[in-house]
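Worksheet for the structure shown next.
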Amino acid sequence: MTTRHAPGIDDLKQRVADVLRLARELGASSAEASASFGTGFTASVRLREVETLRHQRDQGLGITVYLGHRRGSASTSDLRPAAIEESVRKAVALARHAADDPAAGLADADRLATAFPDLELCHPWDIDPARAIELALECEAAALDADPRITNSEGASVGTSDGIRVYGNTHGFIAGYRSTEHSVSCAVVGAQDGAMETDYEYAVSRDPARLPAPAATGREAGLRTARRLGATRLSTRTVPVLFPARQARGLIGSLLGAIGGGAQYRRASFLVDHAGKPVFADWVNIDERPHLPGALGSAAFDDEGVATRDRRLIDGGVLTGYLLGSYYARKLGLASTGNAGGAHNLVVGSSGQSFDELVALMGTGFIVGDLMGSGVNPVTGDYSRGAAGFWVENGQVGQPVTEITIAGNLRDMYRGIQAIGTDVDDRGTILTGSILVDRMTIAGT
Amino acid sequence: MTMADANALALARSALLDAAAIADRDLERALGTLLRGDVDTADLYFQISRHESWSLEDGIVKEGSHSIEQGVGVRAMAGEKTGFAYSDEIILPALLEASAAASAIARRGQEGRLQAWRPQAGHSLYLPIDPLPTLADDAKVELLQRVDREVRRLDPRVRQVNASLAAAHDVMLVCSSDGVLSADIRPLVRFNVSVVVEDGDKREQGYAGGGGRFAYDWFLDGDRALEFGREAVRQAIVNLDAVPAPAGEMVVVLGPGWPGVLLHEAIGHGLEGDFNRKGTSAFTGRIGERVASPLCTVVDDGTLAGRRGSLNVDDEGTPTRRTVLIEDGILRGYLQDRMNARLMGVAPTGNGRRQSFAHVPMPRMTNTYMLAGPHHPDEIIASVPKGIYARNFGGGQVDITSGKFVFSASEAYLIEGGRIGRPIRDATLIGDGPTVLNRVSMVGNDLQLDAGIGVCGKEGQSVPVGVGQPTLRVDGLTVGGTG
C-alpha cells in the first residue's frame, strides 16, 4: 500500500499564498483564503464484534475575493491547480454580481493576531485500527455488563483525527495550526416490562492521555440506560428544573446565538439591543477564554485572523457586548471582538454547589436526563422541548420520567437561575456546571 | 434501459471516470482489492457535486458562493461488518489506497469473485440537467431583489428580509462486485425566505421556502418565489398576536403538507431496516400488527417526479420505489438498503442513501406521506370542542428505541367549540410513535406534499427528503406550552 504525501502546515501556507496571489492577478482588490487537511479513522464494534472501520482523509480550500466592497466566495475539495484556478475565477465572477456593500471586506489590519502561543491542541494518538477495536470492545463490554437489564447495543466507537488548518489574507496575514481530537463513545439498549430505552456516554479530548478508561465510559453508558428503565409520565405542573452540566451547555448555547452579530443586526434575537442590560441573575458571570491549553474551543485567532482575547461576556448578570466578526461589527458601528466563526471556550462561573447539593437545593422538581427537538425560538426566546429525566421529591431522586415537555421563555429562565454547580463538563466549548432554573412548565398527562 | 438512463450513465462516466483516466479494468482492480477474504460484496461510489448559493440581506445580494466537492468512497462488506474509506481526489492511486484501507476489515475466507456489470435501469423522474446555469446570474439577483421589494411592500411591520437561492448539480456513479453499475444526474434547487416583523416591542420571525429536482425557472412559474415571501410574512404577522400555548394532553388537528413531519418522526425512522435488523426499534418484530387506526395508510415513495426526496436510483444503484409502510393501520414493511436487506433476507427497497461519497450508505426515507381519507378538513375542525390546530412546524426528532418523538409547531391556533381561535406561541408536541397513529380518528381528503424543504439527519448524515399528509385529527398528543 502506497501512502500518498500528506501535506504539512508549510505546504498549506504555500497553497494559500498561491491562491491569494492568483486572486490578485485575476482582479481582486483583496482576498482571504483558508486551507485544511485532515486524516483519521473510527472503529466501531457492536455486540462484541467489529462492525465498521471508517477511514477519513479530507482536504479543502476556500477563497473569498473582494472587488472593492463586492464579495464572492468559492470552495473546492479538488486541489489540483486547474480546479483551484476555476474556483478563484468563479469567486471573482460571483463578486461582480454582488452589490457594493461598504461593510464587506477583510478584518482591519490592526486587529489581526500577531502572537501565536502554543495552545497545546495537538496530541497525536499512536493507535492503529486493531488497537482501537480492542478499546471499543472493552468499552462496550463494560456497558453490556453494567446492569442485567442491558439487552442490546447500538455499539461503541473509538475515533481519532489529526488535522491542520491555515488562514491567510492580503493584509499579509498567514498562520496555521495543527490539532487533534480523539473520542470514545457507547450506546446500549435496556429492556424492562416490554419497554426499551437507550442512552449513551462519550468522552472527547485533544489529548488521548486525558481520555478516561474506555471501560469507565462504557459502564456509565450502561448505568445511564438502566436508570431510564421503568419510566412513567408526569401530570402537567410548574416546578424548578435542574439541567445537569451535559444539558446545561445547550441552555448557554442559546445565548451565543442570540448575541451573535448577525442575529443582532437582523433583529432576529430575543436579546436585541441588550448590551449593557441585565440578562442573567445578578451573580452570574460568563467569560470567554480563548487560550485555555488543550481545550476544544481554543484558538489564537478567529476565522478572519483577528486576535482572540479573554473577555467577561456576562458581568454580574449584565451582558457586556456581542460576539462580532468584522462584517456585522461594521454594520452595527462596533469593532470586531474576534468572534468570526463563534465563541472560543465559554466559562460559566459556579455558585459553589456540587450536583448533589443542587438536587437538595431544588427540593422538589425535575432533573433533565435527555432533551429532544430543537424547540427554541431564537426571536422570541420561547423554549419548549421534549424531555426525559427524573422526578425529585424533597431532595430524593425518584422515578424516571419520559414523554413530557419542559417549557418557558429563555429571558425568564436566565433571570431565574438559582445556582450553577461546580461539576463542569469539559466535553465541549461551553464549560459549565449543572444549572438550576427556578420554574418551568412541565406538560404531560 | 431508457434513453435517459443510458444518457446518465454516459454523462457520469465521462465526468467521473474518463476525466480521471480511470478505465473499467481499474474499477475491477479496486473491487478485486476490496473483495478479499470473507468480504461478501464491495462497491465504489464516485461523485462530483457543484453547489451555488446567492443570498440577499438589506435588499441587496451581498454574496454569491460556489463549491465543488468530489471524491470516491469505497466499501467492503463481510456479514455485518463494513470497511469504508474515501478519497477526495478521483485518481487511481487514491482509489487503490482507499480500497486497501477498507479491505482491512476482512478476515481470511473464501476469495469472492467479481460478477459482470449489469447496467441497472432507473427511473426518469427528473432531467439530467445542471441547474446552475438555467437562469442568468443577473436574473438570480433580480429575482431575490424583487421578492425583497414586494415583501416589504406587503406590511410596514416587516423589518428584515433574508432570502437565498441555491442549486446543486450532483453526478454519481456506483459499481459493485456483484454486478451493479448505475449512475444518476441529480439537479436540486431551493429558495428560502425569512422575515422579521416588529410591532412595538413584539418581534416575530416567519419562514417559507421550497424547491425540487428541476431548473430555476420553477421559482418564476406562477411567481412561486414571491408566494413563499408572502407566506413568510403571513406567518410572522399571525404570530404577533400569539397567546401562550396550552400545556398538557389534548386533541390536536394537524394541517396538510409539511406537518407530515409527524409521520417521518413517529413512524418512518422506526421502520428503517438497520434499526429493525439490530432489534433496537420500538417497531422491531411488529410486521403484520396493528400500529395505527384503520384510517391510516402510509407510504414511502421515491418515484414522485421532480420531488426533493425522489431519486432515479438510490446511492447503491437500486431503483427507488413506492413502499407501503402501514396499510389500513397494519404495519407492512421496512425501508431497506442492500446490506440490511441481505442480512434480513428481503429485497432492497431503493432506500440506500448517503450524504456524499465520504459517508456510508444507510436505509433512509425518500418522500413519506399518508394517503387521503374521507373527511373534509372543515368537518375535522368542527368536530373538536377544545384542542389545537397546528398548521405549520419546524423540525422534529425521534428516539427510535423508546419510540418517543417530538415536533415543534411554528404556527398553531386554539380550537374552541369547533372553531379556530387565537394563534398560540411556539410549542413542542411529544408523543409515542407506536401508539400515536392509533389515536387518528379523522383523515382529511386534502393530501398535500410539502413545498420541498425537508432535510433529514441520521447519524451525522443529512439527505433531502419530502413529507406529506392530509389534515389529521389526533385524539391525544401532549402539547408543550406554558399556559
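The values are calculated or read from the model by the stated rules, or taken from the named source; none is laboratory data. The model shown is predicted, which means the values in this text are computed figures rather than measured ones. Cβ placement follows ideal geometry from the backbone for every residue including glycine, while neighbour counts extend to all protein chains displayed. Heavy atoms of the whole protein, side chains included, go into the accessibility calculation; ligands, DNA and RNA do not. Shrake-Rupley method; radii C 1.70, N 1.55, O 1.52, S 1.80 Å.
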Qualifying residues in region A:285-316 (those that are in contact (Cβ under 8 Å) with a residue 60 or more places away in the chain and on the phi > 0 side of the Ramachandran plot) - the one surrounded by the fewest Cβ atoms within 10 Å (Cβ to Cβ)
A:Gly294
Restricting to region B:107-137, count the residues that are more than 16 Å from B:Leu44 (Cβ to Cβ) and in a loop (DSSP other than H, G, I, E, B).
19
So, in region A:26-49, exactly how many residues are in contact with a Pro (Cβ under 9 Å, 6 or more places away or on another chain) and either more than 24 Å from A:Tyr177 (Cβ to Cβ) or within 11 Å of chain B (Cβ to nearest Cβ) (or both)?
3
Could you list, in sequence order, the residues of region B:62-96 that are of a type in the set (Gly, Ala, Ser) and over 15 Å from B:Ser49 (Cα atoms)?
B:Gly64, B:Ala76, B:Ala78, B:Gly79, B:Gly83, B:Ala85, B:Ala94
Taking the criterion of being over 28 Å from the mean Cα position of the chain (by Cα) and touching a residue at least 24 places away in the same chain (Cβ under 8 Å), would at least one residue in region A:111-129 satisfy it?
no
Considering only residues that are among the acidic types (Asp, Glu) and within 18 Å of B:Gly480 (Cα to Cα), which ones fall in region A:387-437?
A:Glu403, A:Asp412
Among the residues of region A:179-192, is any open to solvent by less than 40 Å² (accessible area, probe 1.4 Å), away from chain B (no Cβ under 13 Å), over 30 Å from A:Asp10 (Cβ atoms) and among the small types (Gly, Ala, Ser)?
no
Quick check on region B:452-483: of everything there that is outside any loop (DSSP other than H, G, I, E, B) and more than 22 Å from B:Met365 (Cβ to Cβ), which residue is nearest to the other protein chains (Cβ to nearest Cβ)?
B:Gly480
Exactly one of B:Arg354, B:Arg338 is over 14 Å from B:Asp301 (Cα atoms), under 16 Å from the mean Cα position of the chain (by Cα) and at pLDDT 95 or above, and that residue is B:Arg354
Evaluate the following for A:Gly341: is it in a loop (DSSP other than H, G, I, E, B) and modelled with pLDDT under 95?
yes
Matching entry among A:Leu61, A:Leu67 (being modelled with pLDDT of 95 or more and under 27 Å from B:Leu95 (Cβ atoms)):
A:Leu61
So which residues in region A:262-284 are open to solvent by 40 Å² or more (accessible area, probe 1.4 Å), at pLDDT 95 or above and in a loop (DSSP other than H, G, I, E, B), if there are any at all?
A:Asp273, A:Ala275, A:Gly276, A:Lys277, A:Asp282, A:Trp283
Just a yes or no: is a residue in region A:8-17 within 13 Å of chain B (Cβ to nearest Cβ) and either without any contact (Cβ under 8 Å) to a residue 60 or more places away in the chain or in contact with a helix residue (DSSP H, G or I) (Cβ under 6 Å, 6 or more places away or on another chain) (or both)?
no
When you scan region A:71-114, how many residues do you find that are closer than 30 Å to A:His291 by Cα, open to solvent by 20 Å² or more (accessible area, probe 1.4 Å) and at the interface with chain B (Cβ under 7 Å from one of its Cβ atoms)?
1
Residue among B:Arg203, B:Arg234, B:Arg224, B:Arg230 that alone is touching a helix residue (DSSP H, G or I) at 6+ places or on another chain (Cβ under 9 Å), open to solvent by 10 Å² or more (accessible area, probe 1.4 Å) and within 14 Å of chain A (Cβ to nearest Cβ):
B:Arg203
When only residues in region B:391-431 that are β-branched (Val, Ile, Thr) and within 19 Å of B:Trp258 (Cβ to Cβ) count, which is nearest to the chain's Cα centre (by Cα)?
B:Val398
Looking at (1) polar (S, T, N, Q); (2) under 28 Å from A:Thr232 (Cα atoms); (3) open to solvent by 20 Å² or more (accessible area, probe 1.4 Å), which one does A:Ser153 not meet, given that it meets all the others?
(3)
Scan of region B:272-292 for residues that are of a type in the set (Gly, Ala, Ser) and surrounded by fewer than 21 Cβ atoms within 10 Å (Cβ to Cβ), ordered by number
B:Gly279, B:Gly285, B:Gly288
Given the residues B:Arg338, B:Arg322, B:Arg307, which is the only one that is open to solvent by 20 Å² or more (accessible area, probe 1.4 Å), among the basic types (Lys, Arg) and out of contact with any Asp or Glu (no Cβ under 7 Å at 6 or more places or on another chain)?
B:Arg307
Scope region A:54-68; condition within 10 Å of chain B (Cβ to nearest Cβ) and over 18 Å from B:Ser67 (Cα atoms); matching residues
A:Arg54, A:His55, A:Gln56, A:Arg57
Could you check B:Glu63 against (1) of a type in the set (D, E, K, R); (2) touching a helix residue (DSSP H, G or I) at 6+ places or on another chain (Cβ under 9 Å); (3) modelled with pLDDT of 95 or more and say which number it fails?
(3)
Residue count for region B:428-451, restricted to those that are β-branched (Val, Ile, Thr) and away from every other protein chain (no Cβ under 14 Å)
2
Tell me, yes or no, whether region B:98-114 has at least one residue that is within 16 Å of B:Val174 (Cα to Cα), at pLDDT 85 or above, open to solvent by 50 Å² or more (accessible area, probe 1.4 Å) and more than 14 Å from every other protein chain (Cβ to nearest Cβ).
no
Residues within region A:25-46 that are aliphatic (A, V, I, L, M), open to solvent by 30 Å² or more (accessible area, probe 1.4 Å) and either closer than 25 Å to B:Val39 by Cα or not in a loop (DSSP other than H, G, I, E, B) (or both), tallied
0
Which numbered condition B:Val72 misses (of (1) assigned to a strand (DSSP E or B); (2) under 15 Å from A:Asp58 (Cα atoms); (3) facing chain A (nearest Cβ under 10 Å))
(3)
Answer with yes or no whether A:Arg415 is at pLDDT 95 or above, within 14 Å of chain B (Cβ to nearest Cβ) and crowded, with 17+ Cβ neighbours inside 10 Å.
no
Output for region B:408-427, where each listed residue is away from every other protein chain (no Cβ under 14 Å) and not in a loop (DSSP other than H, G, I, E, B)
B:Tyr413, B:Leu414, B:Ile415, B:Glu416, B:Arg419, B:Ile420, B:Gly421, B:Arg422
If you go through region A:47-54 one residue at a time, do you hit one that is of a type outside the set (A, V, I, L, M), outside any strand (DSSP E or B) and open to solvent by 30 Å² or more (accessible area, probe 1.4 Å)?
yes
I'd like the full set of residues that are open to solvent by less than 20 Å² (accessible area, probe 1.4 Å) and more than 30 Å from B:Ala15 (Cβ to Cβ), limited to region B:130-154.
B:Val147, B:Asp148, B:Val151
